[in-house]
1. Could you tell me which numbered condition residue 430 fails, if it satisfies all but one of (1) more than 16 Å from ligand 1 (Cβ to nearest atom); (2) surrounded by fewer than 20 Cβ atoms within 10 Å (Cβ to Cβ)?
2. Residues being more than 16 Å from ligand 1 (Cβ to nearest atom), in a loop (DSSP other than H, G, I, E, B) and crowded, with 17+ Cβ neighbours inside 10 Å: count how many of those fall in the stretch 271-299.
3. Pick from the stretch 373-400 the residues that are over 28 Å from residue 344 (Cβ atoms) and of a type in the set (Lys, Arg): which of them is surrounded by the fewest Cβ atoms within 10 Å (Cβ to Cβ)?
4. Of all residues in the stretch 438-454, count the ones that are modelled with pLDDT of 95 or more and more than 25 Å from the chain's Cα centre (by Cα).
5. Give 467, 447 a once-over and let me know the one that is under 22 Å from residue 336 (Cα atoms) and outside the structural domain of residue 372 (by TED's automatic domain parsing).
6. Looking at (1) of a type outside the set (Lys, Arg); (2) within 15 Å of ligand 2 (Cβ to nearest atom); (3) surrounded by fewer than 19 Cβ atoms within 10 Å (Cβ to Cβ); (4) under 24 Å from the mean Cα position of the chain (by Cα), which one does residue 317 not meet, given that it meets all the others?
7. Show the residue pairs that are 6+ apart or on different chains and have beta-carbon atoms under 7 Å apart, the first residue being within the stretch 295-316 and without any contact (Cβ under 8 Å) to a residue 24 or more places away in the chain, the second being open to solvent by less than 10 Å² (accessible area, probe 1.4 Å).
8. Within the set of pairs 6 or more residues apart or between chains, which connect a residue that is on the phi < 0 side of the Ramachandran plot and assigned to a strand (DSSP E or B) inside the stretch 81-102 to a residue that is within 16 Å of ligand 2 (Cβ to nearest atom) and among the small types (Gly, Ala, Ser) with Cβ atoms less than 6 Å apart?
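The values are calculated or read from the model by the stated rules, or taken from the named source; none is laboratory data. Keep in mind that this is a model prediction, so the values were computed, not measured. Please note: Cβ atoms are built from the backbone with ideal geometry, for glycine as well, and neighbour counts cover all protein chains shown. Protein only, heavy atoms only, side chains kept; ligands, DNA and RNA dropped before computing areas. Shrake-Rupley method; radii C 1.70, N 1.55, O 1.52, S 1.80 Å.
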Amino acid sequence: MNGYPAGMTYETDGAAPPEEPARQLFFIRKCEALINKRAQELERPLCYFIQTFGCQMNERDSEKLAGVMGQMGLIPAPSEDKADILLYNTCTVRENADKRLYGRLGVCKAYKQENRDMLIALCGCMMQEEHVIDRIKSSYPYVDIIFGTHNIYRFAELLYSRLTSDSCVKEIWKDASDIVEELPALRKYPFKTGINIMYGCNNFCTYCIVPYVRGRERSREPKDIIREIEKAAADGVVEIMLLGQNVNSYGRGLDTDIGFPELLSMAAEADGIKRVRFMTSHPKDLSDELIKTIAEHENIARHIHLPLQSGSDRILEAMNRHYTRERYIDLAKKIRDAIPDVSITTDIIVGFPGETVRDVEDTLDVIEQVRFDGAFTFEYSPRKGTPAAEMEQLDKAFVQENFDRVLSAVQRISKEQAGRFEGRRMEVLTEGEDEKDPSRYTGRISQNNVVHFPKSGLRVGDFAEVQLDECRGFYYNGTVVAPQT
Ligand code: 5AD
Ligand code: SF4
């Protein structure tokens, strides 16, 4: 767990300091006192459970929320029904994510009947939408705390308000605030973590809700990012993932010349960091310099996630993506030529308004040409407030048929692609026990493929050279050649 930043005072008497993060540290101590008192009454520690939906950004936010709760003396609950504080960090990128939350909230009612003291808190992207808040208020009145994406750092203060009052505490900000640094975080894995390099998105792809719920693009100062990376490394983290909605536009608006390629080099060269990943790159502005930076640093993962969305120029334009199919294909070729063994993965949306069989054929054609190593295929889901939601929607059965075609193409190709490392020796990061066989470990190669192998005296977080003996669809079985690389 991260400690408190040096040089802060943690007085809990008197008024809360106005400046951050001192203010939240003050409320952490206030909550801690109340939580300790309650724990003594109950003769057991109080515990929390965080259920995270959605992307790596949310995963990282949840680590920060866990850090704050850890500092208050709360411990992780064994399961969500046993929690004293149950927190859902929500996603709204597609409708399915919304449905999952409402399903969970139905179950929460029963939890509350069992344990009237249980606090239910909701945060994340869904909470930035007015219609969601209206529905929660009317249908799920037993929710205790609601906050959004912009004020997540204020969780301690909001929890304190709820602990000292009887009514629901709701705080949603429409706009982003300054970035608050130096609050604690509790990493889910001791050996790897995400590092936010920027927040928000300015691209306004016409299907996407993210710019509305995560706000405008803001980059963190390079020195703050590097300090966080060095601290993580000192704590034993060996792999980091630099996170942003579009990392290629990192640095805009800052008073430095450091763009994403420079930042990535700095991260790769930080002491103790053995592997650097990043997510996500928009094809419209992935530069030659970035490709060169990756090629020059062996410890930058040979994996680029490059969302295609569609292979049809007409649909790409309607999506406001700012590239053509040709440009995408050329870019992928350039990447494969410059970075041997690189893995390119993608996101594809099927069923965007106006998409015809011809457009789907174009998408299938790009899939064949680029030969993606992996792809997430999504059915288009209209998001309230986005331009595409106002367009005429397609027939569901038609979309389903196209979706199945795209899915089977990407699955066939990524399976073929996966086999290309069979028989090779690759560096693997040991990530944990193999779920199906606890006598073995599961790890990942730089390209992100999963490998299962005998434990061979290794520990989680160790790198090893592993011979990839056989490819079983999407994963490898391997044997350890050299325990430490
Ligand atoms: N419908 C379907 N998929 C979407 N995505 C974003 N918005 C939508 C939507 N409205 C997908 C995109 C993006 C990924 C994170 O989610 O493919 O890259
Ligand atoms: Fe959404 Fe497009 Fe921004 Fe990605 S780049 S978060 S798809 S608006």
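1. Unmet condition: (2).
2. 2
3. Among residues in the stretch 373-400 that are over 28 Å from residue 344 (Cβ atoms) and of a type in the set (Lys, Arg), the one surrounded by the fewest Cβ atoms within 10 Å (Cβ to Cβ) is 396.
4. Of the residues in that region, 3 qualify.
5. 447
6. So the condition that residue 317 fails would be (4).
7. 316/310
8. Filtered contacts from the stretch 81-102: 89/124; 90/124.
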